[in-house]
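See below for the structure under consideration.
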Amino acid sequence: MLLYADAPARRTVQLVADLLFVLWLVLWIWVGVAVHDGTMALASPGRQTDESASAMAGQLRDAGSALDDVPLIGDEVATPFDKAAEASDGLAAAGRSSVRAIEQLAFVLGMAIALIPILVVMAFYLPGRLRFVREATAGARFIDSADDLDLFALRALANQPMRVLARVSADPAGDWRRKDPVVVTRLAELELKSVGLRPRRTPSA
């Protein structure tokens, strides 16, 4: 697999672009984590409510159980404590519910803030980058002989603008049919350059 162009200038541009892309990913992942953690800080009161209310409910039940053993009036005295314990349980459940809601909100906010800018850049950057890798990798298998250069020269005749072909030769198609080595090489180099490659061996004129 060929990840980078043979030409130093283009290879440098690709390396810098890849580095910037990775830094962009890291930046927005960090922002997403920071937003998640900042939102989760809002859950602290809910946790404290849950812990305090649960502790109070336990203490009220213990007190009710102790008073329940009092002869004759035990049941009547213990009832308010049991009801207060139930109320504390409800308060603890509300605290837990608020914590779960904040956890869900923190996850959604963190993911959205991180993924949206990442996906936007990926949609613009990755298709072209993957297309280069695919074409350069495929083309690299066909640049080790004069016959292979002839294939790229033919592709240049089909793909390159007319004004570019005119700078190669006054009759590029005719010179290609006559297998003019200089023209074939120049045409092949045009096509190879478009996919970031250079010929491994150059036929002599």
Please find, among ALA112, ALA17, ALA41, ALA101, the residue that is under 30 Å from LEU197 (Cβ atoms), at pLDDT 85 or above and surrounded by fewer than 17 Cβ atoms within 10 Å (Cβ to Cβ). ALA17
Determine which single condition HIS36 fails, assuming it passes every other condition in (1) at pLDDT below 85; (2) in contact with a helix residue (DSSP H, G or I) (Cβ under 6 Å, 6 or more places away or on another chain); (3) open to solvent by 40 Å² or more (accessible area, probe 1.4 Å). (1)
For VAL164, are the conditions met, namely being under 31 Å from the mean Cα position of the chain (by Cα), open to solvent by less than 60 Å² (accessible area, probe 1.4 Å) and more than 17 Å from ALA5 (Cα to Cα)? no
The condition from (1) out of contact with any Gly (no Cβ under 9 Å at 6 or more places or on another chain); (2) part of a helix (DSSP H, G or I); (3) loosely packed, with under 14 Cβ neighbours inside 10 Å that LEU25 misses is numbered (3)
For segment 44-61, name all the residues that are touching a helix residue (DSSP H, G or I) at 6+ places or on another chain (Cβ under 7 Å) and either closer than 13 Å to ALA87 by Cα or open to solvent by 70 Å² or more (accessible area, probe 1.4 Å) (or both). ARG47, THR49, ASP50, ALA53, SER54, MET56, ALA57, LEU60, ARG61
Within the set of pairs 6 or more residues apart or between chains, which connect a residue that is at pLDDT below 65 inside segment 75-88 to a residue that is loosely packed, with under 13 Cβ neighbours inside 10 Å with Cβ atoms less than 8 Å apart? VAL77/VAL70
Between a residue in segment 110-132 that is closer than 18 Å to ARG10 by Cβ and any residue that is open to solvent by less than 40 Å² (accessible area, probe 1.4 Å) and part of a helix (DSSP H, G or I), which pairs come within a Cβ distance under 7 Å, given they are 6 or more apart or on different chains? TYR125/PHE21
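The values are calculated or read from the model by the stated rules, or taken from the named source; none is laboratory data. What you see is a predicted model, and the numbers here were worked out from it, not measured in a lab. Counting neighbours? That spans all protein chains shown, and the Cβs are built from the backbone with ideal geometry, glycine included. Remember, those area values only see protein heavy atoms, side chains included, never the ligands or the DNA or RNA. Shrake-Rupley method; radii C 1.70, N 1.55, O 1.52, S 1.80 Å.
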